[in-house]
Amino acid sequence: TAAHTRALAERLFAALREAVPGAERLGHPERALPHILSLRLPGVPGQALLERCDARGVAFSTGAACHAQGGCKATANPVLAAIGLEPQEAREVIRLSFCRYTTATEAEAAGQSLAEEAAALRGEAPRPFGAGVLDAEDEQW
């Protein structure tokens, strides 16, 4: 349901914001699709993060969905440029999708992987990830 996916996205972002300094959520806070979490992790190349997380079983996309088929280009993504991101910032954007079958446990594991790999790519020690932010009660949805 929309309430379930929105709650997962909001809670995951809250935990990532604590674990990855400067994490920025993209999109309108109320009008964004509830099952999509689009965010920018400063200093973390999205493609490198995608490859590292893929090896850990975490799947997501980079850039903006309406430009995804264009692949990785040296030029700015026009959708992300339109919201004011510079080309380097646009390369730091990732998108996660949730569905009614996504559990809080899965979202938390994905967030933990994202936080650890983002820290590694930044050359930093990992920060604590918000354990319990996505509590077991959410598994009932």
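Brief remarks on what is shown
- A simple rule links phi to the HN-Hα coupling: the Karplus curve 6.51 cos²θ - 1.76 cosθ + 1.60 with θ = phi - 60°, which for the range 93-100 gives 8, 10, 10, 10, 10, 10, 9, 5 Hz, with x for Gly and Pro.
- Within-11-Å neighbourhood charge of residue 85 [Cβ basis; K, R +1; D, E -1]: -2
- For the range 74-126, a/c is not less than 1.5, where a ≥ b ≥ c are the root eigenvalues of the C-alpha gyration tensor, and a/b does not top b/c. That puts it in the oblate class.
- Other residues within the sphere of radius under 13 Å centred on the Cβ of residue 43, judged by their own Cβ, net out at -2 (K and R +1, D and E -1).
- Rounded to whole Hz, the Karplus (6.51, -1.76, 1.60) HN-Hα couplings of the range 57-62, x for glycine and proline: x, 10, 10, 7, 10, 10
- The length gained by stretching the chain between residue 109 and residue 1 to full extension, at 0.36 nm per residue less their Cα-Cα distance, is 36.8 nm.
Read-outs: derived from the displayed coordinates by stated rules, not from any lab. Just so it is clear, the structure is predicted and the values come from calculations on it, not from any experiment. So basically every Cβ, Gly included, is an ideal-geometry build from the backbone, and we count neighbours across all protein chains shown.
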